[in-house]
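**Student:** Handing you a structure now.
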Amino acid sequence: MFLLKGAMDLRRLQYFLEVAEEENISQAARKLGMTQPALSRQVRALEDDFGFPLLERGGKAVRLTKAGHVVQREGKRVLRSVRMAHERILRDVRGTELRIGYAPSLAGGLVEQAMAIVTQRHPDVRVRLLDSSTDEMMGRLRGEELELVIEVVTNERDIQWEILLERGFRLAVPLGHPLARRRVVPASELDGERLLLFSRAEYPGYWSGVSEFFANAEINAKVAGEFDGIESLRMGIEAGLGIALVAEGSRLGDSVKVLRIKPDPEPVRVGVGWLSRRKLDAWEESFVSELGRAAKLVS
């Protein structure tokens with residue numbers, strides 16, 4: 001941690017980081033709900049604390065000095081450490097909290113079954129579920145904001161996986177679509193269809209599987225929309241924007257028909273993962289174990 005002449009005011013540091021992000025004091029002030037003069041005074045006070053300038057001021061925009069770049073980098077680490085310490089204090093005071101990131105389209109039903117048993121065995125443990133994209137989950141896991149994630153298994157060395165099940169791809173179409181009358185659809189009939197997919201940036205494992213299937217089947221489908229979750233994807237299908245490839249077992253409601261594709265696309269492996277450098281606590285091991293039992297019942 002960097003040194004100041006006196007005690008560091010974390011609020012001033014947070015204000016400075018917002019200015020550094022926006023590169024504009026007026027815009028940062030609006031985001032913080034402050035006046036521009038008040039924010040300027042706080043940033044100057046932080047510069048006084050450090051004893052050197054952090055910003056080069058010119059017109060409306062500002063630029064970071066060399067020292068400003070250092071404070072921005074280290075300041076983010078400081079605030080992250082403070083936030084994590086605050087969360088640890090709250091967990092110690094209020095009781096243990098098990099934070100789990102998951103994708104409902106993949107975990108469908110497994111989490112609820114495991115949670116019901118673990119909370120009975122460990123009544124002092126609160127389970128908190130966060131419905132997140134792949135990128136969000138992995139970022140929060142590595143930032144120690146989550147203890148476990150349930151996602152498509154990856155090959156990163158810093159994450160340890162327990163394989164739960166394999167989920168095949170299915171075709172989801174609105175009830176009024178001509179294919180809705182079928183039970184099985186040959187892959188060749190998808191050529192030229194408007195395709196709705198989960199976001200490429202947020203769900204890279206899903207995109208990899210879908211892209212490989214379409215390439216192998218020599219299907220030329222037009223991507224008509226990308227979606228950030230199963231609920232928004234369902235709404236797109238219902239609105240008739242196109243058809244979608246979803247994981248087997250996805251909950252899409254009565255207005256969407258789910259069909260098999262022939263030949264079957266390669267399934268994706270779904271697992272529960274955690275940082276390999278961590279040793280799981282007893283309640284975390286219990287949750288992983290119950291997820292495995294639940295997965296065997298549905299496989």
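We did not get these values from a lab; they are worked out from the coordinates using the rules stated. What you see is a predicted model, and the numbers here were worked out from it, not measured in a lab. Neighbour counts are summed over all protein chains in view; Cβ atoms, including those assigned to glycine, are modelled from backbone coordinates with ideal geometry.
**Student:** Going by how many other Cβ atoms sit within 10 Å of their own, how do Ile219, Ile261, Ile89 line up, fewest first?
**Tutor:** Ile89, Ile219, Ile261
**Student:** I would also like to ask the following. What number, in nm² with one decimal, is the all-direction average of the projected area of the convex hull of the alpha-carbon atoms of region 10-81?
**Tutor:** Result: a mean projected hull area of 4.3 nm².
**Student:** Something else: Using only the Cα atoms of region 192-231, build the gyration tensor, take square roots of its eigenvalues as a ≥ b ≥ c, and label the shape rounded, prolate or oblate: rounded if a/c is under 1.5, else prolate if a/b is larger than b/c, else oblate.
**Tutor:** Oblate.
**Student:** Taking the chain as the reference, fit the longest principal axis to its C-alpha atoms, fit the long axis of helix 10-22 to the helix C-alpha atoms, and give the angle between the two in degrees, 0 to 90, nearest 10.
**Tutor:** 60 degrees
**Student:** Can you tell me the length gained on complete extension of the stretch Arg57 to Glu156, counting 0.36 nm per residue apart and subtracting the Cα distance?
**Tutor:** Additional length available on full extension: 31.4 nm.
**Student:** Then there's this: Rank these for me by crowding, Arg57, Arg170, going from fewest to most other beta carbons within 10 Å.
**Tutor:** Arg57, Arg170
**Student:** Taking square-rooted eigenvalues a ≥ b ≥ c of the alpha carbon gyration tensor, is region 169-266 rounded, prolate or oblate, where a/c under 1.5 means rounded and, failing that, a/b exceeding b/c means prolate?
**Tutor:** Rounded is the answer for region 169-266, as its axis ratio a/c remains below 1.5.
**Student:** Between Arg30 and Glu285, what is the spin-label point distance in nm, taking each point 7 Å from the Cα along the Cα→C-beta axis?
**Tutor:** Reported label-point gap for Arg30 and Glu285 is 5.4 nm.
**Student:** Could you put Ser255, Ser133 in order, starting from the residue whose Cβ has the fewest other Cβ atoms within 10 Å?
**Tutor:** Ser255, Ser133
**Student:** Let me ask something else about it. Return the long-range amide H neighbours of Ala221 (sequence gap of 5 or more, or a different chain), with a cut-off of under 5 Å between placed amide H atoms.
**Tutor:** Placed amide hydrogens put Gly192 under 5 Å from Ala221.
**Student:** Excluding Ser289 itself, what net charge comes from residues whose Cβ is under 14 Å from its Cβ, given Lys and Arg +1 and Asp and Glu -1?
**Tutor:** -2
**Student:** Taking amide H positions as placed 1.01 Å from N in the peptide plane, with prolines and chain starts having none, which residues 5 or more places from Phe227, or on another chain, fall under 5 Å of its amide H?
**Tutor:** Hits under the 5 Å cutoff: Leu197, Phe198, Ser199.
**Student:** Per the Kirkwood definition applied to all pairs of different Cα atoms, how many angstroms is the hydrodynamic radius of region 124-219?
**Tutor:** Averaging 1/r across every pair of different Cα atoms and inverting gives 16.3 Å.
**Student:** If you wrap a convex hull around the C-alpha atoms of the chain and split its volume per residue, what is the figure in Å³?
**Tutor:** Per-residue hull volume (Cα only) is 186 Å³.
**Student:** Once you list every other residue whose beta carbon is under 11 Å from the beta carbon of Phe213, what net charge do they have if Lys and Arg are +1 and Asp and Glu are -1?
**Tutor:** -4
**Student:** Determine the sum of side-chain charges near Gly176: Lys and Arg each +1, Asp and Glu each -1, restricted to other residues whose C-beta is under 12 angstrom from that of Gly176.
**Tutor:** Once all neighbours under 12 Å are counted, the net charge is +1.
**Student:** Return the calculated 222 nm mean residue ellipticity for the chain, to the nearest 500 deg cm²/dmol, obtained by summing -39500 (n - 2.57) across DSSP H runs with n ≥ 4 and dividing by the residue count.
**Tutor:** -13500 deg cm²/dmol
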